[in-house]
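The values are calculated or read from the model by the stated rules, or taken from the named source; none is laboratory data. The shown structure was predicted, so the numbers you read here are calculated from the model rather than taken from an experiment. No Cβ is skipped: glycine too gets one built from the backbone with ideal geometry, and neighbour counts run over all protein chains shown. Just the protein is used for accessible areas: all its heavy atoms, side chains included, with ligands, DNA and RNA removed. Shrake-Rupley method; radii C 1.70, N 1.55, O 1.52, S 1.80 Å.
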Amino acid sequence: MSQKDIIILGIESSCDDTSAAILKNSTILSNEIARQAVHELYGGVVPELASRAHQQNIIPVVDAAIKKAGIKKEDIDAIAFTRGPGLMGSLIVGNSFAKAFALGMDIPMIDVNHMVGHVLAHFIDDEGKEKPSFPFLCLTVSGGHTQIVLVEDHLTMKVLGSTIDDAAGEAFDKSAKMLGFPYPGGPLIDKHAKLGNPTAFQFAKPRIDGYNFSFSGLKTSILYFIEKQVKLNPNFIEENRNDLCASIQRTILDILFTKLTLAAKDLGIKDIAIAGGVSANSGLRNDLAKVGSELGWRVFIPKFEYCTDNAAMIAITGKFMFEKGLFADQTIVPMARLAI
Ligand code: KG4
Ligand code: ZN
């Protein structure tokens, strides 16, 4: 007799996207996301507005995920939710919903670390797509984090290096703001970089030991450079937008690849993955494929929809925890800071 299917409802609400997903074993049946446009007006995520929007969005998003998956809520075996890291007000909404749903349906709940979720998105079934073998390295790059993670097992991970100041996504977004783009500017830098010359301008790169990253010096270098040029020519940004984007993107990617290749070489690991919102960047995806083929790596690049924040990655992590009986109880509280 075949084993019973496991159906998990995943909930993600750590920042500004409200997402719910239904996972059946390792296959995603639905992955609904309600984005919050309100933050564009403010040039960044406003925590209080984010938590209010989560409150409005969470029930319709869960409802849509269940309907789209073609299941009934009684079919769900467990609810997995993001415990942290993230914005406290946003996390509370997902956590409270999970508690109420678990209690009402009499099913277990599973507290998931958002950063572990980004890494485990690689284990979602996707039409025969290969999965990384352990141990592998994952460069996890998002709006809040930049980490090189040694993944020894689904639930055993070590952070080898991380940023000592800004995250890679912040470097993209803050640079984009200097160029006059709305928040989040990362995808716009990506778009314009495709049309520009990546060696047109040179910006400062950090010298940091080990596998850690730093992006604040780059931010200052870009700011001073732009201020100086705009004094000489008020139209400097408009006239050089594509080259500026290409040069900024090139520098951020160089900083990331310097440390990633160092870690891979030191550890002798050739299965290399990327994860997190910045892994949607086309330059990063192309470079990883190129560097990988030069260095003999097997590279793992997530599907676009599993790069930026999504509940599918929370559901797949929930499945691995479910199999190990790692459940939370009604006393669980969210954690704004939560290590892997
Ligand atoms: O993982 P994520 O959705 O949220 C966090 O957990 O932070 O990552 C969001 C970050 C933002 O900084 C956004 O600008 C960046 O990912 N991002 C990109 C691209 N798409 C999203 N950065 C560069 N190029 C992109 N195509
Ligand atoms: Zn994220």
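Would it be correct to say that A100 is more than 22 Å from G210 (Cβ to Cβ) and within 12 Å of ligand 2 (Cβ to nearest atom)? For A100, the condition - more than 22 Å from G210 (Cβ to Cβ) and within 12 Å of ligand 2 (Cβ to nearest atom) - is not met.
Just one of the listed residues (L103, L91) is within 18 Å of A328 (Cα to Cα), more than 16 Å from ligand 1 (Cβ to nearest atom) and in contact (Cβ under 8 Å) with a residue 24 or more places away in the chain, namely L103.
The single residue among S279, S293 that is under 27 Å from F172 (Cβ atoms) and without any contact (Cβ under 8 Å) to a residue 24 or more places away in the chain turns out to be S293. L103: assigned by TED's automatic domain parsing to the domain that holds L288 and either over 21 Å from Y306 (Cα atoms) or modelled with pLDDT of 95 or more (or both), yes or no? It is false that L103 is assigned by TED's automatic domain parsing to the domain that holds L288 and either over 21 Å from Y306 (Cα atoms) or modelled with pLDDT of 95 or more (or both). Scanning region 1-20 for residues that are small (G, A, S), modelled with pLDDT of 95 or more and not in a strand (DSSP E or B) yields S13, S14. Just to be sure, is D173 of a type in the set (D, E, K, R) and open to solvent by less than 30 Å² (accessible area, probe 1.4 Å)? The answer is no for D173. Could you tell me whether G196 is open to solvent by less than 60 Å² (accessible area, probe 1.4 Å), in the same structural domain as N281 (by TED's automatic domain parsing) and within 10 Å of ligand 1 (Cβ to nearest atom)? Spelling it out, it is not the case that G196 is open to solvent by less than 60 Å² (accessible area, probe 1.4 Å), in the same structural domain as N281 (by TED's automatic domain parsing) and within 10 Å of ligand 1 (Cβ to nearest atom).
Here is the figure for region 131-146: residues that are open to solvent by 20 Å² or more (accessible area, probe 1.4 Å) and either away from ligand 2 (no atom under 15 Å from the Cβ) or polar (S, T, N, Q) (or both) total 4.
Counting only residues that are in a loop (DSSP other than H, G, I, E, B) and either more than 14 Å from R52 (Cα to Cα) or open to solvent by less than 10 Å² (accessible area, probe 1.4 Å) (or both), how many does region 71-105 have?
Count: 6.
In this structure, G128 does not qualify as under 14 Å from the mean Cα position of the chain (by Cα) and either part of a loop (DSSP other than H, G, I, E, B) or within 15 Å of ligand 2 (Cβ to nearest atom) (or both).
A quick yes/no check of all residues on (1) more than 19 Å from L29 (Cβ to Cβ); (2) touching a helix residue (DSSP H, G or I) at 6+ places or on another chain (Cβ under 7 Å):
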position	(1), (2)
S293	yes, no
Y306	no, yes
A315	no, no
G318	no, no
K324	yes, no
A328	yes, no
P334	yes, yes
R337	yes, no
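Reported count of residues in region 21-33, each being part of a strand (DSSP E or B) and either within 12 Å of ligand 1 (Cβ to nearest atom) or open to solvent by 20 Å² or more (accessible area, probe 1.4 Å) (or both), is 7.
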